[in-house]
Amino acid sequence: MIRIILADDEALALFSLQKQLEKLNGGVIVGAYQNGTEAVEAVLREKPEAVFLDIDMPELSGLEAAEIIMSHLPETEIIFATAYEEYALKAFELAAIDYLLKPVSTQRLAKTLARLTQAKAAKTEPEHLAARSSKTKEQVTIRCFQTLEVDTGESGPVHWRTNKAQELFAYFVHLRDQPVRKDALLELFWPDIDPKKGYTQLYTTIYQIRKTANAVHPGIRIVSGDKGYRLELNGVGVDVVTWEEGLQTAPPLSEHTLARHLQLLELYRGDYLEDCGYWWAENERERLRMLWYRHAMRVAAFLETRDNAAEAFQLYFLIQRRFPFTEEVYWALIKLFTYIGDRVSVERQYDTLSQMLHDEFGTKPARTLEQWYRERVV
């Protein structure tokens, strides 16, 4: 039998729901509460399989209660009950297993119990357990280069309920183990709405993230604190972290380590969350870009010293595409084209640099480069 806890601040509604559930013989009611805080405490203590929550409760709303419950017991099924259609739609957006409009009919409640029974059966099937075990063991990676992507090793991308849920998850990944206050999140993500509505939006979005993250990997958890949240990854990798650690621990460049350094350059698939356009990621994006740039220039220079002009050219052109306004890479290409005797390409690079500097900055090439060019080319 399904173990159930009920919460509704209206005594009559709570009594009616309890009697209907008993009539349908749909589960064991282990507690019924008119106070949201007491209901949450009971849920955390009793660990029921399902919780019926009235959304519009004073002090602690159903959305707030669900947010707390999901932070500790992500497998618990939530069923929202409300007298207002707009809240019912919000409950549906939350990915709750069901929502009920008051007054609740017995026929409608029977459908909810059928969904709960199906969900419980799915969770107890050997295939489900095997899948969860496999997902726990396999390496899941959160990718932030170019765009946000959760790589589970399975086909198909992870779908977020809303763009806001995706962005907030990306922000937690951005901060990783650092705690972040709720009021700071409100100021960042919902700055122009009433704080009460803002908190509702925050709890809704946190709920959505937890449902999605738990389906991806049980190790991804958003932990609630007194005033905020903290993301725990529990072994789930983040590509930018792995990449930067690889740079820091990479051995000095040599013939024997060149392959490793080239691999690090390839792992940088694109700028940090570039496709997402999150303004709060700009500083980190630029920091990581410069790490890649300096490493790429060192590797390209090393290739030159090994008389590997073809690969050096290939890498310099890649750097130039990513950093088209950096004079240093034009300078490197000019010198390399001069070395192999390609005068036409030298002139083309110098002209392109001159035009870029004029158009973008209203300047000319550095005096040392201009003098070098005149002495050797003009």
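You will find that of Thr212, Thr200, Thr205, the residue that is assigned to a helix (DSSP H, G or I) and in contact with a His (Cβ under 9 Å, 6 or more places away or on another chain) is Thr212 and no other. Annotation: of all residues in segment 280-307 being of a type in the set (Asp, Glu) and in a helix (DSSP H, G or I), the one that is surrounded by the most Cβ atoms within 10 Å (Cβ to Cβ) is Glu304. With the requirement that a residue be farther than 23 Å from Arg143 by Cβ and at pLDDT 85 or above, what does segment 200-221 give you? Within segment 200-221, Leu202 is the sole residue that qualifies.
Does Leu253 fit the bill of being within 28 Å of Glu304 (Cα to Cα), open to solvent by 40 Å² or more (accessible area, probe 1.4 Å) and outside any helix (DSSP H, G or I)? Yes: the conditions hold for Leu253. Thr363 fulfils the conditions (1) more than 28 Å from Thr242 (Cβ to Cβ); (2) assigned to a helix (DSSP H, G or I) except for a single criterion, (2).
Out of the residues in segment 152-179 that are at pLDDT 85 or above and among the charged types (D, E, K, R), which is nearest to Gly270 (Cα to Cα)? Among them, the one singled out is Glu167.
Identify, from the list Lys47, Lys23, Lys90, the residue that is of a type in the set (Lys, Arg), within 32 Å of the chain's Cα centre (by Cα) and at pLDDT 85 or above.
That would be Lys47, the only listed residue that is of a type in the set (Lys, Arg), within 32 Å of the chain's Cα centre (by Cα) and at pLDDT 85 or above.
Taking the criterion of being out of contact with any strand residue (DSSP E or B) (no Cβ under 6 Å at 6 or more places or on another chain), over 22 Å from Ile222 (Cβ atoms) and open to solvent by less than 60 Å² (accessible area, probe 1.4 Å), the residues of segment 33-82 that qualify are Asn35, Met57, Thr82. Evaluate the following for Thr37: is it of a type in the set (S, T, N, Q) and modelled with pLDDT under 90? So Thr37 does not fit the description; no.
Scanning segment 151-186 for residues that are open to solvent by 90 Å² or more (accessible area, probe 1.4 Å), charged (D, E, K, R) and part of a loop (DSSP other than H, G, I, E, B) yields a count of 3.
Of note, Ile319 does not satisfy the criterion of being open to solvent by 70 Å² or more (accessible area, probe 1.4 Å) and within 19 Å of Ala301 (Cβ to Cβ). Of all residues in segment 189-226, which are among the polar types (S, T, N, Q) and touching a residue at least 40 places away in the same chain (Cβ under 8 Å)? Once the filter is applied, which keeps residues that are among the polar types (S, T, N, Q) and touching a residue at least 40 places away in the same chain (Cβ under 8 Å), segment 189-226 yields Thr200, Thr204, Thr205, Gln208, Thr212, Asn214, Ser224.
Count of segment 336-378 residues, restricted to those that are open to solvent by 100 Å² or more (accessible area, probe 1.4 Å) and among the hydrophobic types (A, V, I, L, M, F, W, C), is 2.
The values are calculated or read from the model by the stated rules, or taken from the named source; none is laboratory data. Computed from a prediction, not measured in an experiment: that's the story for all the values here. All Cβ positions, glycine included, derive from the backbone under ideal geometry; neighbour counts span all protein chains shown. Areas reflect the complete protein model, heavy atoms only, side chains present, ligands, DNA and RNA absent. Shrake-Rupley method; radii C 1.70, N 1.55, O 1.52, S 1.80 Å.
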